[in-house]
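Worksheet: the structure to be examined is printed underneath.
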Amino acid sequence: MSGKPDVVVLDYGSGNIHSAVRALERAGADVTLTKDTDAVLNASGLVVPGVGAFAAVMSALREIDGPRWIGRRIAGSRPVLGICVGHQVMFDRGVEHGIPAEGLGEWPGEVTALPEDAVVPHMGWNTVRPPADSVLFDGLKDERFYFVHSYAVQSWDFDQSIESMNPPKVTWSHHGTDFIAAVENGPLSATQFHPEKSGDAGMQLLRNWILSL
């Protein structure tokens, strides 16, 4: 045993898998790239990466029964981290080229195209606005992170009227419009940007997540 937290990166054909594995290893995790059911369900942390189209990522996840595994982990308070399209699919739906696709529905919201007057894809470094009590962004005030996307969730409609419910912690960024850059919600966290491509700031964010496992 290495003594490091064990993290599974879900192997379903996403294009940024190996960079995520290397970054998580550098951040202090014992990382396995797999789609083995027992490993996915029992690891201390699960990372769901994603690049490309929303509908294609959902289709690939369904092929390996990913939605059920992700749902079981969240129901059992087992940490999950989504990255890029792995962040987007946690919402209700995505609409690309006018065609809607169903997401995992963990959070309300729709992934839609960034404004036409913004340069798309939104590619490069940008600042974010995390809440003061963020765990992911602890020690990362005024840092910049690396984005590559043309679609995003641009509004937050979560019902926070139940006093006993801890509302999700939402981090925002701006490119033509405000959009959700990250969400922290109990065992489920996700980032629209790529922490594995975000240099020292991204490495610290991954360490923060790993330390919370």
In nm, spacing of pseudo-spin labels at residue 36 and residue 212 (7 Å Cα→C-beta vector): 2.8 nm
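When ranked by the protection proxy of mean other Cβ atoms within 10 Å per residue, highest first, what sequence do the peptides 50-58, 84-92, 100-108, 114-122 form? Walk me through the intermediate numbers first.
Details: 50-58: 20.0, 84-92: 25.9, 100-108: 18.0, 114-122: 13.4.
Descending packing order for the listed peptides: 84-92, 50-58, 100-108, 114-122.
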Kindly identify the stretch 132-213 as rounded, prolate or oblate by the Cα gyration tensor criterion: order the square roots of the eigenvalues as a ≥ b ≥ c, call it rounded if a/c is under 1.5, otherwise compare a/b with b/c, prolate if a/b is larger, else oblate. oblate
Which log10 I(q)/I(0) values, to two decimals, does the chain give at q = 0.08, 0.10, 0.11, 0.12 Å⁻¹ under the Debye formula with one point per Cα? -0.24, -0.38, -0.47, -0.56
Estimated dipole of the stretch 1-159 in Debye, rounded to 20 [Cβ of Lys and Arg +1, of Asp and Glu -1, Cα centre]: 400 debye
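Roughly what % of Cα-Cα distances in the stretch 42-116 sit above 14 Å, to the whole percent? Please list the in-between numbers first.
Numbers: 1625 of 2775 pairs.
Across the stretch 42-116, Cα pairs with separations above 14 Å total 59 percent.
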Which number comes out as Rg/Rh for the stretch 1-100 once both Rg and the Kirkwood Rh are worked out on C-alpha atoms? 0.98
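Per the 1.4 Å probe, what fraction of the accessible area of the chain, in percent, lies on carbon and sulfur atoms?
Numbers: 4710 of 9850 Å².
Summing carbon and sulfur atoms, their accessible area is 48 percent of the total for the chain.
Pairs of lysines 8 or more apart, or on different chains, with alpha carbons under 26 Å: count those in the chain, would you?
Details: 4/35; 4/197; 35/197; 141/169; 141/197; 169/197.
Lysine pair count for the chain: 6.
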Which percent, to the nearest 5, of DSSP beta bridges fully inside the chain are antiparallel? 55 percent
Angstrom value of the Kirkwood radius, inverse mean 1/r, which spans all Cα pairs in the stretch 74-197: 14.8 Å
Net charge of Cβ neighbours under 9 Å - reference residue 136; Lys, Arg +1; Asp, Glu -1: -1
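Below 15 angstrom from the Cβ of residue 187, what's the summed charge of the other residues (Lys, Arg +1; Asp, Glu -1)? Show your work: numbers first, answer last.
Numbers: positive: 72, 73, 78, 169; negative: 106, 184.
Residues near residue 187 contribute +2 overall.
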In angstroms, what radius of gyration and Dmax does the stretch 95-166 have, counting Cα atoms only? 15.2, 41
On average, how much accessible surface per residue is there in the chain, in Å², for a 1.4 Å probe, leaving out ligands, DNA and RNA? 46 Å²
Dimensionless Rg/Rh of the stretch 15-60 - Kirkwood Rh, Rg from C-alpha atoms: 0.99
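The values are calculated or read from the model by the stated rules, or taken from the named source; none is laboratory data. As the structure is a computational prediction, the values presented were derived from the model and not from experiment. Counting neighbours? That spans all protein chains shown, and the Cβs are built from the backbone with ideal geometry, glycine included. SASA here: full protein model, heavy atoms, side chains in, ligands and nucleic acids out. Shrake-Rupley method; radii C 1.70, N 1.55, O 1.52, S 1.80 Å.
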